[in-house]
Amino acid sequence: MQVGVVYSEPGQQVWLNLEVPDESTVVEAIERSGILKQFPHVALAERKLGIFGRVVKPDAVLKAGDRVEIYRPIIADPETVPRRDTGGEE
């Protein structure tokens with residue numbers, strides 16, 4: 001079955017489509033994608049993983065067409081960062 005694996009950093013993003021065996025897990029798809037070779041500093045044990053924007057466990061079983069996402073850690077507390085004025089009306 002076909003799935004996608006995505007990861008992004010400031011200034012660089014990667015979206016890989018790949019074929020994985022049925023019943024593959026999130027971690028198996030990430031490992032098969034080779035994305036960890038492109039970003040060797042990514043430690044999966046320290047990252048949250050998701051499918052289509054929902055956090056899932058590393059052993060979650062994939063369905064055809066799923067998009068596996070590797071999330072970066074939050075570096076600022078959204079409660080303490082001032083909001084940017086986007087110029088829109090509220």
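Filter the stretch 6-64 for residues that are crowded, with 16+ Cβ neighbours inside 10 Å and of a type in the set (S, T, Y); which is nearest to I75 (Cα to Cα)?
Ranking the candidates gives Y7 first.
What pairs can you find where one residue is in the stretch 46-57 and on the phi > 0 side of the Ramachandran plot and among the aromatic types (F, W, Y), the other is in a strand (DSSP E or B) and surrounded by 14 or more Cβ atoms within 10 Å (Cβ to Cβ), and their Cβ atoms are less than 6 Å apart, with a gap of 6+ or different chains?
Going by the 6 Å Cβ cut-off, the qualifying pairs are F52/R67.
Scan the stretch 56-84 for residues that are modelled with pLDDT under 90 and more than 23 Å from F39 (Cα to Cα) and jot them down.
Passing the criteria: D77, P78, E79, T80, V81, P82, R83, R84.
The values are calculated or read from the model by the stated rules, or taken from the named source; none is laboratory data. Keep in mind it's a predicted model, so treat the numbers as computed, not measured. Quick reminder, even Gly has a Cβ in these numbers, built from the backbone with ideal geometry, and neighbours come from all protein chains shown.
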